[in-house]
Structure formats: structure tokens, C-alpha cells
Amino acid sequence: MTALSQLAAQLASEDFTSIPIIDLSDARSPDLDKRKALATTIRDACLNAGFFYVKNHSVPEKVVSDVFEQSHDFFALPSETKRTVDISKSGGNFRGYMALLSENNDPTKQGELHEAFNLGLDPSLDAASHDEQTKSQGELVHSDNLWPAEGDWKQAAAFRQATLDYYASVLALGQSLFPLFALALDLPEDFFDDKVRCAILERHDGTVYVELTLQIQHPAAIMRLLFYPAQKEKPITEENPGIGAHTDFECFTILRQDDVPALQVQNRAGEWIDAICIPNTFIINIGDQFARWTNDIFVSTRHRARPATTKDRYSIPFFFGCDHDVPLIPPPTCVSEERPVRYEVMTAGAYVHMRLSETYTVGKSEA
């Protein structure tokens, strides 16, 4: 058994009662030893809880506050305005608005108490990823996002700009994590470079605050603006959670949440651990795609969001995956005689499309 497999077995048998906070200051250090030390901390979190906070992440707070403000304003719009970009109009590619109760992560429940606006990599950020692609049966592909028209909402342009500014910044954060994940798996630091390529991104707000210069391919990154309306006097039942207990689909999720408590993570004893809001941090959690890709070395952990009760809640999960056409073949450090390959090989795009189709009721929203 490899040393990584032995450590995975050890940490997977240990429970957790809290979520670690990891400082990313050394992520771009010229000192390899510092990067390796940081990767070791991330590795332990990925093998045990599958969740960790990050601070000193380089995403500007102005970018965060702007998108949250625009998210508030979008979800306050009349239903008929939001439905001009309903997900049913996305051609089955999971873009656009989802109304209250239209999603159900837990099939035993009766619908979830949140609304959503979904988007993927926008052609304004990377036109080549839309042009240079082919689609096989059952695979996910890039498509145009559904944006409100200025004729329907005078704030539409500001909403789009703030949302894309945030998307670009968090995409850069996600890209910076892959070399650390590679080191955490005892792989060369550049192992994922040809599997998560993305375009040149540049956004301005007086000054340039993010600029990536990377190769262009088909990066997969789905972002959701989520709104949990306060239920106040309405009865809260187990049948209608904020978001039901689930694991995420992509490689990992980068979550920003407001100060309304809701997110909980389930440990091995079945206890729900509160993942509270810590100012100026993101929560990272491993998704099923990464667990599958690493032959279950990395842990994808169940979590849920309780309904908002006295105050509206807003959050923004960013689901970061590898390029759609990458086959999910476990790296050599994740396979041994004692730990043979556990899953059939399929492309990342096919896997995520399969999982999304199992969850979303696309085209079934109320008229």
C-alpha cells in the first residue's frame, strides 16, 4: 500500500468536530518547501473532513460585496422578470433562474427553500472554450449564459458585470489551488495544468485586480447565486430544507456565504457540524468528481443548508471542475494492489452532466 493510501485510511477512520482554517499566503511562495508545507495541511483536510476555510486568498472584498449587493437586487425582482431567464430556456445546460422549490438534492424531500441563478464560463471571458468543443451523448458543454435584458431590468448590465467580476476572481483562486492539490497527492506540481486550463481574464475597477495568463481549453466552473427567503412565521418541516443533505458534483466547491447561519457538515458519527461564516474567508469542500478521480483518497462529505428563518440568506457556491473532455483516470499515487481502481473511467463532462440530470428538474418549473 502506498504511503498516501495508508494515510488516507488512517485519516478516513478519524472523525472531525470542527473545520480547519488554512492560510493561503504561501500558495505562490517561491520557496517550494513552504508550498509543500501548505499542501500537507490541505492534504490532511481533504483526507479527513473534506472541508476547510481559506484566508489570505487574494479575492478583493470589493468584488465580493458588489456581487452580493447585485444578488440581493436580482432576487428582489418580480417573479415574471426573473422568469425571463428561467433555466428551462437554457437548452438543458443548467443555466439561468430556478424558482423556489424547483430543486431537490434529497429525493425523499418535497423541494428546497431557495431560489438560484446559475451560470458557467461566459464567452466574454473565454470565447474559445465555446467555439473549440464537440459534444458526445450525455456530456456537458459550455453554452451561453442567460442574462436579464436591460429592457426587463434597468440594472441588468451592472448585475452582469458584478457577477462576471466575481466569477473571474474566484476562477483565479480555484486555479491557484490545483498545484497545491497535486503536491497533496504526491504528484508533480504541474500535474493538473493540462486538465484545468483557462483563458486570459482581466477585469478593471479603476485598476486591474486579477489577470491570468493561462492556456485556453474547456475549463468547467459552474457558479450559483443562491437566495434563501426568510420563512418567518411559516412552519419549518424536514420535508422542505434550505438545501437537502448532499455531496457536490465537481472537483471542489468555493463557497462565500453571508452571516446568516445555515451550512452544516456531517461527520462520520452522523453529527451535523456548523460551518459558520468567518469574515473574509471562503469555504472549500471536495466534490464527488475529485473523490472519484483520486480513487476515494480525497473525501467528499455530505452537507446541507437549513432554511432561513428570521432573516434572508445569500450565498455563492462556485463549483470548480477540470476540463470537460478529461478522462477521470486515477493518478498513480492513488492506486495500489491493496487499493485497485474503484470506478469505470468516464470524462469529467459526462460525469457532471449525469449528476446534474439526477438533481435538477429542468423545464419543470411552474409557468
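If you go through segment 23-35 and keep only what is more than 20 Å from ILE316 (Cβ to Cβ) and either among the small types (Gly, Ala, Ser) or surrounded by 15 or more Cβ atoms within 10 Å (Cβ to Cβ) (or both), you end up with SER25, ASP26, ALA27, SER29, ARG35.
Per-residue answers, yes or no, for (1) in contact (Cβ under 8 Å) with a residue 24 or more places away in the chain; (2) within 21 Å of VAL54 (Cα to Cα); (3) among the β-branched types (Val, Ile, Thr):
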| residue | (1), (2), (3) |
| --- | --- |
| GLN266 | yes, yes, no |
| PRO279 | no, yes, no |
| VAL326 | yes, no, yes |
| TYR343 | yes, no, no |
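Residues of segment 65-98 that are open to solvent by 10 Å² or more (accessible area, probe 1.4 Å) and aliphatic (A, V, I, L, M): ALA76, LEU77. Name every residue in segment 143-161 that is crowded, with 21+ Cβ neighbours inside 10 Å and in a helix (DSSP H, G or I), in order of residue number. The one that is crowded, with 21+ Cβ neighbours inside 10 Å and in a helix (DSSP H, G or I): PHE159.
Within segment 128-152, the set of residues being modelled with pLDDT of 50 or more and of a type in the set (Gly, Ala, Ser) comprises ALA128, SER129, SER143, ALA149, GLY151.
When you look at PHE318, is it among the aromatic types (Phe, Trp, Tyr), at negative phi and in a loop (DSSP other than H, G, I, E, B), yes or no? Walk me through it before giving the result.
On the way: among the aromatic types (Phe, Trp, Tyr): yes; at negative phi: yes; in a loop (DSSP other than H, G, I, E, B): no.
Taking the combined requirement at face value, the residue does not satisfy it.
Taken residue by residue, segment 274-291 has at least one member that is more than 30 Å from GLN231 (Cα to Cα) and surrounded by fewer than 22 Cβ atoms within 10 Å (Cβ to Cβ). Only one entry of GLU61, GLU14 meets the criterion of being open to solvent by 60 Å² or more (accessible area, probe 1.4 Å), out of contact with any strand residue (DSSP E or B) (no Cβ under 6 Å at 6 or more places or on another chain) and within 26 Å of LEU225 (Cα to Cα), and that entry is GLU61. Those strands (runs of 3 or more DSSP E) of segment 225-304 in which 3 or more residues are out of contact with any Leu (no Cβ under 9 Å at 6 or more places or on another chain) and within 30 Å of VAL196 (Cβ to Cβ) occupy 243-246, 263-266. Among the residues of this structure, VAL54 counts as one that is open to solvent by less than 60 Å² (accessible area, probe 1.4 Å), in contact with a strand residue (DSSP E or B) (Cβ under 6 Å, 6 or more places away or on another chain) and within 18 Å of PRO317 (Cβ to Cβ).
Looking across segment 312-335, just one residue is at pLDDT below 95, closer than 27 Å to LEU100 by Cβ and open to solvent by 10 Å² or more (accessible area, probe 1.4 Å), and that is PHE319. Among the helices (runs of 4 or more DSSP H) confined to segment 23-89, the ones with at least 3 residues that are more than 18 Å from the chain's Cα centre (by Cα) and more than 28 Å from GLN289 (Cα to Cα) are located at 61-75, 79-82.
Of all residues in segment 53-70, those satisfying the criterion of being touching a helix residue (DSSP H, G or I) at 6+ places or on another chain (Cβ under 6 Å) and under 17 Å from GLN175 (Cα atoms) are HIS57, VAL59. Considering segment 232-245, and only residues there that are touching a residue at least 60 places away in the same chain (Cβ under 8 Å) and surrounded by fewer than 19 Cβ atoms within 10 Å (Cβ to Cβ), the residue that is farthest from the chain's Cα centre (by Cα) turns out to be LYS232.
The values are calculated or read from the model by the stated rules, or taken from the named source; none is laboratory data. Everything quoted here is computed from the prediction, not taken from an experiment. Counting neighbours? That spans all protein chains shown, and the Cβs are built from the backbone with ideal geometry, glycine included. When the accessible area is computed, the model is the full protein with side chains, heavy atoms only, and any ligands, DNA or RNA have been set aside. Shrake-Rupley method; radii C 1.70, N 1.55, O 1.52, S 1.80 Å.
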